[in-house]
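The values are calculated or read from the model by the stated rules, or taken from the named source; none is laboratory data. Predicted, not measured: the structure shown is a model, and the values here were computed from it. No Cβ is skipped: glycine too gets one built from the backbone with ideal geometry, and neighbour counts run over all protein chains shown.
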Amino acid sequence: MIRIFLIESCSPKVAKVDLPYDSLENFSVSGDSLQPDRWWTAFNDDTLNILIDSALEDNLSLKSVWYQLIESRASVAVVNAGVLPQIDLQLRSGISRPEPDFVGGENMQLSLGANYELDLWGRIRYSIHAEEYRFKASYYDYKTAAITLSSQITLNWFRLKAWNQQYKLIKNQIATNEKVLSLIRARFVSGQVKGVDILRQKQLIESTKAQKVFIETQIYTLQNQLSVLLGQPPEGTVDSISSSLPELPDLPSTGVPLKLVNRRPDVQSAYFNLQASDRDLAAAISNKYPRLQFSLTAAIRSNTFENLFQNQAVAVTGSLLAPLFYGGRLQAEVDRNEAVRQQQVNNYANVVLTAFQEIENSLISEQKQIENITLVENQIDLLQKTIGQLRYEYLNGSLPYLDVLVAINQEQQLRRDLINARLQLLEIRVGLYRALAGGFETDRESELKEEESL
């Protein structure tokens, strides 16, 4: 039986495949910190750690991928049985009329048969290797699914925190706008402003309240999504959520691109699927050659059960089966497997190329997003100064309130944009962590190792 711990005990090999392009020598940006296998712990969020641990245990999609792995392991055991003789025990009973063989025409036979194929050309061996490689690919598919789930939980959690931060901000903005409305009304009573200023301020309040309703919808939706990711019915799962987004951790080191990318479980899966298709092709070629089979039969028979063990017979036969005419089916199977192998070669090359793209995109996007956040912060600072000047001129009667209102609206929107920009920066970092991740061990893997090591 193939065991999972045997896969991990051997360090993954760098794919010995000629890529149809030159590999990157270096990424454009690299940090100095070492990314942990459980990359989300870099954010130092205890609640996030608990949520991901729970999801890795209870998420239904991940469980489904795990049982695909168990199915693949069973397939390896099935093909491994092909190297052993097939032994059958058969008890036959019948009756003949008229009685040509025995008195009474009753026939009893107990036979033991064994069949064995000598693997002359490696057909069985190649088939076993193909299933073993598919099992390894399935193992890394599970690791890929675990990484995907952990990133989904992290993104959902950060978005939930960001929308809660938006919710608190919008409530403060509504309160501020209502205070301004009270001041405008007081000035209207004294004849210092026009009635249209009150209507414009009310419109701003209603618009801000509409934003509040939208934010509430997003919070409920994210809570439902989080519940499903945790394997629970869609309902609020978090009673109290801190609205503060975490600080961005130090940029991780990228190292040598090809060596780094080959740590990724999706790349490993593509590599082992390629190896499986190569062995399938070898098995298909071997299937065109003659097969040497042996059979051994031992039988005892009688016309009654009491005399069954008085007559015995043993037969040993050998046969050489050579394919002569199959209508081109065997060659067509070779051609089909060759085409599958070429598909896997290109798929592997594309997975590696996509990995390069994901890492490089995340590195560049993070640098540009940091610049964007700085620009938004500068705009907010300038608008605050502008609003102060506009209010001064408005109170002196030299400026219509519309100019003040436009500036206030812009400033409030920019503060909401700033929260979104900081969330996007964290989302980019999550994407980078996921692109660099080499996999981590889940409790299921640990438990299976303990079971199989007994």
Open item on the list: Name the single residue that is modelled with the lowest pLDDT among those in the range 184-211 being more than 59 Å from the chain's Cα centre (by Cα) and assigned to a helix (DSSP H, G or I).
Closed with: Arg187
Task: Flag for Leu155 being surrounded by 14 or more Cβ atoms within 10 Å (Cβ to Cβ), of a type in the set (A, V, I, L, M), closer than 29 Å to Ile50 by Cβ and within 26 Å of the chain's Cα centre (by Cα) - done: yes
- [ ] Within the range 421-442, identify whether any single residue is under 44 Å from the mean Cα position of the chain (by Cα), at pLDDT 95 or above and of a type in the set (S, T, N, Q), and answer yes or no.
- [x] yes
TODO: Kindly check whether there is at least one residue in the range 279-289 that is among the β-branched types (Val, Ile, Thr) and at pLDDT 75 or above.
DONE: yes
Task: Output for the range 350-377, where each listed residue is touching an Asp or Glu at 6+ places or on another chain (Cβ under 7 Å) and not aliphatic (A, V, I, L, M) - done: none
Open item on the list: Whether any residue in the range 397-407 is assigned to a helix (DSSP H, G or I), modelled with pLDDT of 90 or more and surrounded by 16 or more Cβ atoms within 10 Å (Cβ to Cβ) is what I want to check.
Closed with: yes
TODO: Considering every residue within the range 155-174, establish whether at least one is free of Cβ contacts under 8 Å to residues at least 40 places away in the same chain and more than 30 Å from Arg444 (Cα to Cα).
DONE: yes
Open item on the list: Can you go through Leu448, Leu414 and tell me which one is closer than 30 Å to Leu390 by Cα and surrounded by 16 or more Cβ atoms within 10 Å (Cβ to Cβ)?
Closed with: Leu414
Open item on the list: Residue under question is Phe214, and the condition is that it be over 21 Å from Asn396 (Cβ atoms) and in a helix (DSSP H, G or I); does it hold?
Closed with: yes
Open item on the list: Under 8 Å between Cβ atoms, which residue pairs at least 6 apart in sequence (or on different chains) link something in the range 36-54 that is among the aromatic types (Phe, Trp, Tyr) with a partner that is surrounded by 19 or more Cβ atoms within 10 Å (Cβ to Cβ) and not in a helix (DSSP H, G or I)?
Closed with: Trp39/Ala437
Open item on the list: closer than 25 Å to Gly113 by Cα, out of contact with any helix residue (DSSP H, G or I) (no Cβ under 7 Å at 6 or more places or on another chain) and of a type in the set (Gly, Ala, Ser): which single residue out of Ala81, Ala74, Ala42 fits that description?
Closed with: Ala81
Task: Residue list for the range 217-261, restricted to those being modelled with pLDDT of 90 or more and acidic (Asp, Glu) - done: Glu247, Asp250
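Specify the residue that is surrounded by the fewest Cβ atoms within 10 Å (Cβ to Cβ); the eligible residues are those in the range 29-77 that are part of a helix (DSSP H, G or I) and of a type in the set (D, E, K, R).
Filtering the range 29-77 for residues that are part of a helix (DSSP H, G or I) and of a type in the set (D, E, K, R), the one surrounded by the fewest Cβ atoms within 10 Å (Cβ to Cβ) comes out as Asp46.
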- [ ] With the condition kept exactly as written, say whether any residue in the range 259-281 is buried (at least 21 other Cβ atoms within 10 Å of the Cβ), part of a helix (DSSP H, G or I), out of contact with any strand residue (DSSP E or B) (no Cβ under 8 Å at 6 or more places or on another chain) and among the basic types (Lys, Arg).
- [x] yes
